[in-house]
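Contents: one structure, followed by commentary.
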Amino acid sequence: MFLLPKVIVKPKDGQPTLAQDGAATANRDQGAAAPAVGELDEHGHPAGSHDEPSGPTAEKPHMTMPTAQRREISTLVAKYTAEADQGAKIGIARELAEKYKAVERFDSAGYYLEQIALVRPGEQTFQRAADQYYEAYSFATTEARQKLLGAKCRELYERVLKNNPDNLNAKTNLGMAYMASENPVKGITLLREVLAADPRNEQALYNLGLLAVQSNQYDKAAERFAELAEINPKNVNAQFYLGVSLAQTGAKQEARKAFLAAKSISSDPALAASVDEQLQKLQ
């Protein structure tokens, strides 16, 4: 997702049941509606839930899923759709969410966690579902998919905040989800509200810093990342993006220090390579 890099180099008031028609209207697997129960594709997803089943892509990494895992998930999905007992169905949904999370199909994990939340609504159940959709949103590489997943994040985080308006993690992620909407200003407002409530909130500072970088406001970005680095000197992302921001303002010596600080607190070879690349640019 171009709005929120995950790492330096690379979320009606009634209580519906987990009925079969629940999947038919859910946004998952690129937003396609699920077909009739029991019609599963070779990936263990509802048949027809992928518009372009032509092979692995950045948007569909699950298509490289090992055959054994694919069959295991497919079996669980069939079991889920056939299960009549609601308690047992919730257990299967929870298991499916874990299986999908393990293969980084976060939207599918979110779908099944959402089904649980719809039956057992509450702050924690909706947050678990929202967080999985937010994970998928964070990795989205197309604008269309970003908007789709962002909308789902907004829907679920709003329900979290309805249960607890003081949940700053949910409010922060909701703010970032608004960046893929028609009202990104609301996203900025939400992030600022988080900082007003908690001036040392690392997640809000980091996201505001990234947004400043994306809008070429490098002075503001440097301020955010410097503040974050002061709060948590071991935050490698803060140090790295502080270096990026300072380099863009022409403060090469300070940028070098930030890059070296990032490298010193991480053993990630990809991070080291990225830092070395940035240092070369400063010469």
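The values are calculated or read from the model by the stated rules, or taken from the named source; none is laboratory data. Remember, it's a predicted structure, so these values are computed and weren't measured experimentally. We place every Cβ from the backbone using ideal geometry, glycine too, and count neighbours over all the protein chains shown. SASA here: full protein model, heavy atoms, side chains in, ligands and nucleic acids out. Shrake-Rupley method; radii C 1.70, N 1.55, O 1.52, S 1.80 Å.
Listing for the model above:
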read-out	value
Selection within the stretch 97-117 - open to solvent by 40 Å² or more (accessible area, probe 1.4 Å) and assigned to a helix (DSSP H, G or I)	Glu98, Lys99, Lys101, Ala102
Conditions (1) under 21 Å from Leu161 (Cα atoms); (2) modelled with pLDDT of 95 or more; number of the one not met by Ser138	(2)
Any hit, the stretch 221-228, residues being under 23 Å from the mean Cα position of the chain (by Cα), aliphatic (A, V, I, L, M) and open to solvent by 30 Å² or more (accessible area, probe 1.4 Å)	no
Residues of the stretch 153-212 classified as more than 22 Å from Phe225 (Cβ to Cβ) and of a type in the set (D, E, K, R), total	8
Tyr133 modelled with pLDDT of 95 or more, in contact with a Gly (Cβ under 7 Å, 6 or more places away or on another chain), open to solvent by 20 Å² or more (accessible area, probe 1.4 Å) and of a type outside the set (S, T, N, Q)	no
Single unsatisfied condition, Val244 versus (1) assigned to a loop (DSSP other than H, G, I, E, B); (2) under 22 Å from Gln280 (Cβ atoms)	(1)
Selected residue [at pLDDT below 95 and either surrounded by fewer than 22 Cβ atoms within 10 Å (Cβ to Cβ) or among the charged types (D, E, K, R) (or both)] from Leu260, Leu282	Leu282
